[in-house]
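Report on one structure; see the data block that follows.
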Amino acid sequence: MPLRYPDYESIVDLYTQSIYLMYDMTPGQIRGAKGALVENIVEAIVALAWSELGGKANRFNIWKQTREIMIEDDYVENLTPQSVRNHVQKNRGRYICKIELDRSVEIDNNLILGIECKSYIENAMLKRTLKDFELIAKLLYPKLIFCVFQLENGLGGDYGEVSKLQQFGSETTHTLLSHTPNVSLEIITLLDGDRKSNREIHKQEYFKELPIVNVETCVRKFRDLLADFI
């Protein structure tokens with residue numbers, strides 16, 4: 001279960017105990033458990049960041065959100081052949097696409113931050129995430145801040161140097177971001193180092209400690225994102 005207003009040690013314990021439980025799980029169970037772990041840690045860290053800013057609990061909410069986008073009118077009007085256009089126009093209400101935010105942060109019932117939660121994200125995966133974010137910013141929430149939160153770094157560059165005061169990122173990631181200028185994105189990593197496919201952290205021999213300073217760093221980064229909404 002997520003921890004709403006924990007302390008730093010509780011978040012470390014949540015991570016450690018959750019990873020220990022994965023030692024006896026099947027691959028399918030591990031995937032689900034890792035996904036839940038990342039989302040629970042994000043909830044705890046963001047809530048703690050809000051609390052440290054002095055934010056009132058009744059102004060804050062964090063939850064999973066799914067929204068729908070509709071087919072564009074101009075696209076329908078220019079469809080060919082005519083028979084396809086007529087069919088789409090007749091059934092327009094069925095032409096929707098669902099877009100999900102793993103966690104959406106609301107202050108005073110206003111959505112201000114959308115978070116994608118991953119055990120790791122590679123640049124090939126980031127392309128799809130950025131497209132979703134771009135559609136959300138274009139069609140739903142033009143001022144929304146976006147965040148990718150990953151357990152381990154899969155993007156290259158120095159995103160895995162968690163406590164580093166200034167991160168330069170990776171060349172590929174910056175190139176992708178340069179083509180989505182309407183997406184304001186923060187990339188936050190919890191664990192040190194890069195993800196290695198042959199050294200999975202849910203295997204006992206490759207377990208990674210979560211230093212408390214990493215939790216402090218992540219909380220600070222989310223404080224910076226939320227500070228303008230106090």
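Please treat every number below as a calculation from the coordinates, not as lab data. Computed from a predicted structure; not experimentally measured. Neighbour counts are summed over all protein chains in view; Cβ atoms, including those assigned to glycine, are modelled from backbone coordinates with ideal geometry.
Values for this structure:
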quantity	calculated
Residues located in the stretch 99-117, provided they are of a type in the set (D, E, K, R) and closer than 11 Å to Cys147 by Cβ	Asp102, Arg103, Glu116
Selection status of Lys118, surrounded by fewer than 19 Cβ atoms within 10 Å (Cβ to Cβ) and charged (D, E, K, R)	no
Wholly within the stretch 60-138, strands (runs of 3 or more DSSP E) carrying at least 1 residues that are touching a helix residue (DSSP H, G or I) at 6+ places or on another chain (Cβ under 8 Å), in contact (Cβ under 8 Å) with a residue 24 or more places away in the chain and among the small types (Gly, Ala, Ser)	110-118
Residues that are closer than 18 Å to Leu48 by Cβ and β-branched (Val, Ile, Thr), drawn from the stretch 8-37	Ile11, Val12, Thr16
Answer residue from the stretch 82-115, given it is within 30 Å of Leu226 (Cα to Cα) and of a type in the set (A, V, I, L, M) and is surrounded by the most Cβ atoms within 10 Å (Cβ to Cβ) among those	Val105
Criterion: of a type in the set (D, E, K, R), in contact with a helix residue (DSSP H, G or I) (Cβ under 7 Å, 6 or more places away or on another chain) and part of a helix (DSSP H, G or I) - qualifying residue of Glu216, Glu200, Glu205	Glu216
Pick from the stretch 189-227, criterion aromatic (Phe, Trp, Tyr) and touching a residue at least 12 places away in the same chain (Cβ under 8 Å), ranking: farthest from Ser51 (Cα to Cα)	Phe207
Complete set of residues in the stretch 47-59 that are touching a residue at least 24 places away in the same chain (Cβ under 8 Å) and surrounded by fewer than 11 Cβ atoms within 10 Å (Cβ to Cβ)	Gly54
Flag if Asp158 is in a helix (DSSP H, G or I) and more than 16 Å from Glu116 (Cα to Cα)	no
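One line per residue, one yes/no per condition, for (1) of a type in the set (Asp, Glu); (2) closer than 30 Å to Asp13 by Cα:
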{"residue": "Asp132", "(1), (2)": "yes, no"}
{"residue": "Leu135", "(1), (2)": "no, no"}
{"residue": "Gly169", "(1), (2)": "no, yes"}
{"residue": "Thr173", "(1), (2)": "no, no"}
{"residue": "Leu190", "(1), (2)": "no, yes"}
{"residue": "Tyr206", "(1), (2)": "no, yes"}
{"residue": "Leu210", "(1), (2)": "no, yes"}
{"residue": "Arg220", "(1), (2)": "no, yes"}
